[in-house]
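Notes to accompany the following structure.
The values are calculated or read from the model by the stated rules, or taken from the named source; none is laboratory data. Given the structure is predicted, the values throughout are model-derived calculations rather than measurements. Here the Cβ positions follow ideal geometry from the backbone for every residue, glycine too, while neighbour counts run over all protein chains shown.
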């Protein structure tokens, strides 16, 4: 109900107020865009600039319905990694997550995250000097949730934790050439 304000000054009956609130809640939950083909949705209306589409399929919430994350080879946010659009798996297709996420595939892990005892995507964001942040992305009730798990020193006191998640984690990235371009190696 963000951005909606109700002023109840006695001029509107409580019945109408309840109807208005129910309508706003219905519209806000129905406002999530549903798609059947995430790649087609992601590519819709693009110019010919991007040459390579990257796709990751993973079940971020362990509900047996995989999510899809899509980006382009050149769609980067500096050292933090690529900028990804998440499509949340549903029984009828996918729902487009309202927020974009950023992560590097070489510093990301998909699976059970022991620090929060839940599944998701865990990523490391490099910060200043020798530390950075651990961030978890999870799907809950059809929504993408971001949780900051704190600062770590991956090459210092937290090297074991960093290696536990990211040394053996190999995320499979499918690369597909679009508009006749070529896909470079990751």
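Any residue that is touching a strand residue (DSSP E or B) at 6+ places or on another chain (Cβ under 6 Å), at pLDDT below 90 and crowded, with 16+ Cβ neighbours inside 10 Å - is there at least one of those in segment 85-97?
No, that holds for no residue.
Given the residues 135, 173, which is the only one that is surrounded by 14 or more Cβ atoms within 10 Å (Cβ to Cβ), assigned by TED's automatic domain parsing to the domain that holds residue 54 and at pLDDT below 95?
On the way: 135 fails: at pLDDT below 95.
Unique residue meeting the criteria: 173.
Give all pairs with beta carbons closer than 9 Å in which a residue from segment 139-157 that is without any contact (Cβ under 8 Å) to a residue 12 or more places away in the chain meets a residue that is surrounded by 13 or more Cβ atoms within 10 Å (Cβ to Cβ) and in a strand (DSSP E or B); count only pairs at least 6 apart in sequence or on separate chains.
Pairs found: 145/120; 145/136; 145/137; 145/138; 145/139.
Let me spell it out: the conditions are (1) over 16 Å from the mean Cα position of the chain (by Cα); (2) touching a residue at least 12 places away in the same chain (Cβ under 8 Å), and residue 78 meets all of them except one. Which number is the exception?
Only one criterion is unmet by residue 78, namely (2).
So, in segment 103-118, how many residues would count as being surrounded by 14 or more Cβ atoms within 10 Å (Cβ to Cβ), assigned to a strand (DSSP E or B) and free of Cβ contacts under 8 Å to residues at least 60 places away in the same chain? Don't jump to the end; show me each part of the working.
Taking segment 103-118 first, the residues surrounded by 14 or more Cβ atoms within 10 Å (Cβ to Cβ) are 103-105, 107-111, 113, 118.
Restricting the remaining residues to those that are assigned to a strand (DSSP E or B) gives 103, 108-111, 113, 118.
Then keep just the ones that are free of Cβ contacts under 8 Å to residues at least 60 places away in the same chain; that gives 103, 111, 113, 118.
Total meeting the criteria: 4.
Do we find that residue 70 is in the same structural domain as residue 51 (by TED's automatic domain parsing), in a strand (DSSP E or B) and either within 11 Å of the chain's Cα centre (by Cα) or closer than 16 Å to residue 56 by Cβ (or both) in this structure? Give the derivation first.
Working: in the same structural domain as residue 51 (by TED's automatic domain parsing): yes; in a strand (DSSP E or B): yes; either within 11 Å of the chain's Cα centre (by Cα) or closer than 16 Å to residue 56 by Cβ (or both): yes.
It is true that residue 70 is in the same structural domain as residue 51 (by TED's automatic domain parsing), in a strand (DSSP E or B) and either within 11 Å of the chain's Cα centre (by Cα) or closer than 16 Å to residue 56 by Cβ (or both).
Does residue 64 fit the bill of being surrounded by 15 or more Cβ atoms within 10 Å (Cβ to Cβ), modelled with pLDDT of 85 or more and either in the same structural domain as residue 147 (by TED's automatic domain parsing) or not in a helix (DSSP H, G or I) (or both)?
No; evaluated as a whole, the condition is false for this residue.
Out of all the residues in segment 84-95, which are over 9 Å from the mean Cα position of the chain (by Cα) and either without any contact (Cβ under 8 Å) to a residue 24 or more places away in the chain or within 21 Å of residue 123 (Cα to Cα) (or both)? Full working, then the answer.
So the first thing to find is which residues in segment 84-95 are over 9 Å from the mean Cα position of the chain (by Cα), and the list is 89-95.
The answer is 89, and nothing else.
Could you pull out the residue among 100, 60, 121 that is in contact with a strand residue (DSSP E or B) (Cβ under 7 Å, 6 or more places away or on another chain), under 18 Å from residue 146 (Cβ atoms) and without any contact (Cβ under 8 Å) to a residue 24 or more places away in the chain?
On the way: 60 fails: without any contact (Cβ under 8 Å) to a residue 24 or more places away in the chain; 121 fails: without any contact (Cβ under 8 Å) to a residue 24 or more places away in the chain.
The conditions single out 100.
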